Amino acid sequence: MKVVGRHLRSTHAPGDEPRSITLDPSGDEAAAGAVELEALYRIAGLTAAHADEGNVVTAVLRLVPEVIACERPLVFLYKASSDQMHAHDVHGEGVVSPMSEPSIVRRIFNSGNAEIVNDVLADRDSDTVLTEGFGGRQIAAAPLDVERGRLGVLAAVNSHSGAFAETDLRLLTLVAQRAAAMIENAQLRETLDRQTQELTGLQRLSRLLASAETVDYAVDESVRIVSDLLECEMTAILLYDEHTNHLVIHSPVAGKSDDDMEGLGISLAEPSLAGTVFRTDTPLLSNSASTDAWVGDSLREAFGIETLLVAPLTSGPRPIGVLAAVNARKGSFNDSDLRFTTLLGARIGGVIDASRARVRERALL
C-alpha cells in the first residue's frame, strides 16, 4: 500500500541525508489491512461525538497507542500568532516549542514528510523538548495536513519494540490524515461559534449605546454583558481620573462585591499592565499574573489574579479607561480572547462616553 503524498523516511545519522524507504510488501497483508481499517473506523466514529478541538485531540491521543505500540502519543499544533508548536498529551497542553529553533517536529512540519527516527539523540535536529521533556528515544511522526495548510504534527514516541517500523508510520499517517480533518472541522466550528458570540455581544452593546442614561448604568450593564460573553471569573471597568492620575475601579465588578472594591485603583505613575494598556492604547494579557511584577499586589490580592487580560476603553483620540478580565475558566487567555475583548472595549468606551454626554446635557438644562 502506498501512502499518497508522503515521503517516508528511515533513521539517519547526523549530517547524512535521510534515505527514502518503501513500505514492506511482505508479511500478512490481510491482517495489516484489517488493522488499518479498524484504525480508520475508530477515528471516523469519533467525529460526531467530539465537536471541539480539545476533545478531538484527546480522542486522537487515546487512539494512537491502540494502533501503534508506543509509550507516548503527542499532538503538536502550530500557532501562527506566536510561531510556536504547542504540544498536547493525554494530560492536556504542556510544552511549547518555538519554531525558530531546530527540532525533529519542526523539520517534519516544514517539509510535510512523515518520518521515523529510531535514534533521536543522534539526529541532527535533536532537541531538549523531545529528549528531556518527553523522554524521546525514538519517534514516528506525520504532518497534520488539510487543504488550507498544515495544522501541526502527530507523533508516537518510544516504540515498545525498541524501534518503529514502516507499518507503524503507515498507520500513523492514516490516523494523521483523518485527525487533521477532524481538528480543522473543530476549529472552523469554534471560529463560527465565536463569531456568533461576538456579533451577539456587540449588538447588545449597540442597544445599550442608545439607552444608557448614566455612567453607573452604562458600567453596570456593560460588565453584565461582558461577563456573559467572556469565560472568566471576574470582569471590571477602570476609568481614568485625571485629578488623581489613577485608573479607578468603577462598581460593580462582576464576580465581586462592591465592598471588596472600595478605593481600589492603579496609579499611572507606577509601572503596571493596566497602565501600559491605557497609555499605549494596546491590549495585553498575562497568563502568569500570579507572579507577574506588572500586576499590582493590591489588585492581585483583591481579585486572586492568576490570569489577566486588559483592553483599552476607547472613545475618541485616547482611551478613557480599561476593561479587565480576570482568571480565564479554561486556564489561560488566548489571541482570540484578546481580539474579542478589544472589540468590546471599543464599544463599551463609546457607551460610557455617550452616557457622560447625556449627563452633561441634562446639567445644562
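The values are calculated or read from the model by the stated rules, or taken from the named source; none is laboratory data. Keep in mind it's a predicted model, so treat the numbers as computed, not measured. When we count neighbours, we look across all protein chains shown, and the Cβ atoms used for this are built from the backbone with ideal geometry, even at glycine. Heads up: the accessible areas ignore ligands, DNA and RNA and are worked out on the full protein's heavy atoms, side chains in. Shrake-Rupley method; radii C 1.70, N 1.55, O 1.52, S 1.80 Å.
Tell me whether region 146-163 contains one or more residues that are part of a helix (DSSP H, G or I), at pLDDT below 90 and open to solvent by 30 Å² or more (accessible area, probe 1.4 Å). For region 146-163, residues part of a helix (DSSP H, G or I), at pLDDT below 90 and open to solvent by 30 Å² or more (accessible area, probe 1.4 Å): absent. Name the residues in region 281-323 that are open to solvent by 10 Å² or more (accessible area, probe 1.4 Å), of a type in the set (A, V, I, L, M, F, W, C) and not in a loop (DSSP other than H, G, I, E, B), would you? Across region 281-323, the qualifying residues are LEU284, LEU285, LEU299, ALA302, PHE303, LEU308, ILE320. As for region 285-293, it holds no residue that is touching a strand residue (DSSP E or B) at 6+ places or on another chain (Cβ under 8 Å), β-branched (Val, Ile, Thr), modelled with pLDDT of 85 or more and within 20 Å of PHE333 (Cβ to Cβ).
Among the residues making up region 80-95, those that are in contact with a strand residue (DSSP E or B) (Cβ under 9 Å, 6 or more places away or on another chain) and either touching a residue at least 40 places away in the same chain (Cβ under 8 Å) or open to solvent by less than 60 Å² (accessible area, probe 1.4 Å) (or both) are SER82, GLN84, MET85, HIS86, ALA87, HIS88, ASP89, GLY94, VAL95. Taking the criterion of being modelled with pLDDT of 85 or more and not hydroxyl-bearing (Ser, Thr, Tyr), the residues of region 250-280 that qualify are ILE266, LEU268, ALA269, GLU270, PRO271, LEU273, ALA274, GLY275, VAL277, PHE278, ARG279.
In region 241-253, the residues that are within 16 Å of GLY349 (Cα to Cα) reach residues that are at pLDDT 85 or above and not in a strand (DSSP E or B) with C-beta atoms within less than 9 angstrom, at least six apart or across chains, in these pairs: LEU247/LEU268; LEU247/SER272; LEU247/ALA274; LEU247/GLY275; LEU247/PHE278.
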